[in-house]
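Asker: Quick one: the structure is below, questions incoming.
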Amino acid sequence: LFVGEKGELGFQLENIIKKQGLAKNIMFLGKRSDIKEIMNASDIFLMTSLVEPFGLVLVEAQFSGLKIVSSDIITKEIIEFDELFELQDFENIDKWVNTILCARWNVEAKKEFITKNHDKLKKSKFTISASYNKLLKHYSK
């Protein structure tokens, strides 16, 4: 299991992991420059944030073709591919566990998704050129 930013509860999370004897199975990554490689090595992406104003990492996860299990607090306009998302109520732990266990997604499925959606990915409102044009339009008013 890869854990990105620890967030406010990082120390509590580390303590729980140590007490449960899971430290050898979990890597805290922190800030990284090799996100593409990490996403490509992953099967699913979990976004467990209590507060997430935009969640750029969810755009990256979608472009990587990852299945995404996320708390339902995210900005819904960030969702480009409904079939990748499972939104969960943060309080319902049993539903989270069940969704994660059922979210099987293999390398071939990821490749097939990216191939099938290549044109849509290129035309996404979150590409660099689309974001640039939107910002340019906004700030030149």
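Asker: For the chain, build the charge dipole from Cβ charges (+1 Lys, Arg; -1 Asp, Glu) around the Cα centre, then report which of LEU87, ALA61, HIS118 sits farthest towards its positive end.
Answerer: Going by the Cα projections, it comes out as HIS118.
Asker: Let me ask something additional. Residue separation times 0.36 nm, minus the C-alpha to C-alpha distance between LEU136 and LYS76: what's the value?
Answerer: Working: separation 60, 0.36 × 60 = 21.60 nm, distance 2.35 nm.
Answer, rounded to one decimal: 19.2 nm.
Asker: Say the cut-off is 31 Å between C-alpha atoms; which of LYS19/LYS111; LYS19/LYS76; LYS18/LYS116; LYS18/LYS120; LYS111/LYS134; LYS95/LYS123 go over it? Numbers along the way, then the final one.
Answerer: Values: LYS19/LYS111 38 Å; LYS19/LYS76 36 Å; LYS18/LYS116 42 Å; LYS18/LYS120 43 Å; LYS111/LYS134 29 Å; LYS95/LYS123 34 Å.
The answer is LYS19/LYS111; LYS19/LYS76; LYS18/LYS116; LYS18/LYS120; LYS95/LYS123.
Asker: Over the range 36-141, with every protein chain in place, what whole percent of the accessible area is carbon and sulfur at 1.4 Å, could you tell me? Spell out each step's value before the answer.
Answerer: On the way: 4060 of 7190 Å².
Answer for the range 36-141: carbon and sulfur cover 56 percent of the accessible area.
Asker: Return the Cα extents of the range 62-133 along principal axes one, two and three, sorted largest first, each rounded to a whole Å.
Answerer: 41, 29, 13
Asker: OK, next. Using a 10 angstrom cutoff on alpha carbons, build the Gaussian network for the chain and name the most mobile of ILE78, ILE100, ILE17.
Answerer: Looking only at ILE78, ILE100, ILE17, the biggest GNM fluctuation is shown by ILE17.
Asker: Excluding ligands, DNA and RNA, what is the solvent-accessible area per residue of the chain at a probe of 1.4 Å, expressed in Å²? Don't skip to the end; give the middle numbers.
Answerer: Details: 10230 Å² over 141 residues.
Computed with neighbouring chains in place, this is 73 Å² per residue.
Asker: Out of these labelled values of Rg and Dmax of the Cα atoms in Å, (1) 25.8, 93; (2) 16.5, 56; (3) 15.0, 49, which was calculated from the coordinates shown here?
Answerer: (2)
Asker: Per-residue ellipticity at 222 nm for the chain, helices alone: DSSP H runs ≥ 4 residues times -39500 (n - 2.57), over residue total, nearest 500 deg cm²/dmol?
Answerer: -12000 deg cm²/dmol
Asker: Could you order GLU60, GLU8 so the one with the most accessible surface comes first? Probe is 1.4 Å. Could you put the intermediate results ahead of the total?
Answerer: Details: GLU60 75, GLU8 185 Å².
Result, largest first: GLU8, GLU60.
The values are calculated or read from the model by the stated rules, or taken from the named source; none is laboratory data. If you're wondering where the values come from, they're calculated on a predicted model, not measured in any experiment. So basically every Cβ, Gly included, is an ideal-geometry build from the backbone, and we count neighbours across all protein chains shown. The protein model used for the area step is the full one, side chains on, heavy atoms only, and it has no ligands, DNA or RNA in it. Shrake-Rupley method; radii C 1.70, N 1.55, O 1.52, S 1.80 Å.
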